[in-house]
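Following: one structure in structure tokens, then a few remarks.
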Amino acid sequence: QVQLVESGGGLVQPGGSLRLSCAASGSIFRFNTMGWYRQAPGKERELVAVMSSGDSTNYADSVKGRFTISRDNAKTTVYLQMNSLKVEDTAVYYCKLAQLGKDYWGKGTLVTVSS
């Protein structure tokens, strides 16, 4: 089994920054993809950024140039540095790990961007 625990969410003013972390534990295969998705109220969950164990990345157009995804050397923790935050970035942010044909999700962390 795989467990994912997110941290780092909170309330921030527009233009501010936050850093999310997601730590994976359990049966982690060395080849996997970890990433972040978000779900705003009344909207569907959407991809924010993902990173493979080979360090290739994919970002949503709406966050390119503002958000940066990274992973630790052990490939069990993924980070999301969020800069120049906008009100429309408000959402619950979920961490996902994909390996061996399965997806594992964290419980989510709330990010609120408001003045």
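The values are calculated or read from the model by the stated rules, or taken from the named source; none is laboratory data. From a predicted model like this one, the values you see are computed outputs, not experimental measurements. Please note: Cβ atoms are built from the backbone with ideal geometry, for glycine as well, and neighbour counts cover all protein chains shown. These area figures cover heavy atoms from the full protein model, side chains too; ligands, DNA and RNA do not enter into them. Shrake-Rupley method; radii C 1.70, N 1.55, O 1.52, S 1.80 Å.
Side notes on the structure shown:
- Rough spin-label spacing in nm, given labels placed 7 Å along Cα→Cβ, for residue 110 and residue 83: 2.8
- About the centre of its Cα atoms, the range 3-115 shows a dipole size close to 140 debye [charges on the beta carbon of Lys, Arg (+1) and Asp, Glu (-1) only; nearest 20 debye].
- Here the contact order of the range 1-49, divided by its residue count and restricted to Cα pairs under 8 Å and six or more residues apart, works out to 30 percent.
- Viscosity 1.567 mPa s, temperature 4 °C, Stokes-Einstein D of the range 18-115 from Kirkwood C-alpha radius, µm²/s: 95
- Accessible surface of the chain, 1.4 Å probe, proportion on carbon and sulfur as whole %: 48
- Accessible surface, the chain, averaged per residue in Å² (probe 1.4 Å): 53
- Springs join every pair of Cα atoms under 10 Å in this Gaussian network model of the chain, and among 54, 42, 26 the largest mean-square fluctuation is at 42.
- The mean sequence distance of close C-alpha pairs (under 8 Å, at least 6 residues apart), as a share of the length of the chain, puts its relative contact order at 37 percent.
- Segment residue 52-residue 72, length gained on full extension (0.36 nm per residue, minus Cα span): 6.0 nm
- If the chain linking residue 1 and residue 31 were pulled fully straight, counting 0.36 nm for each residue of separation and taking away their Cα-Cα distance, it would gain 9.2 nm.
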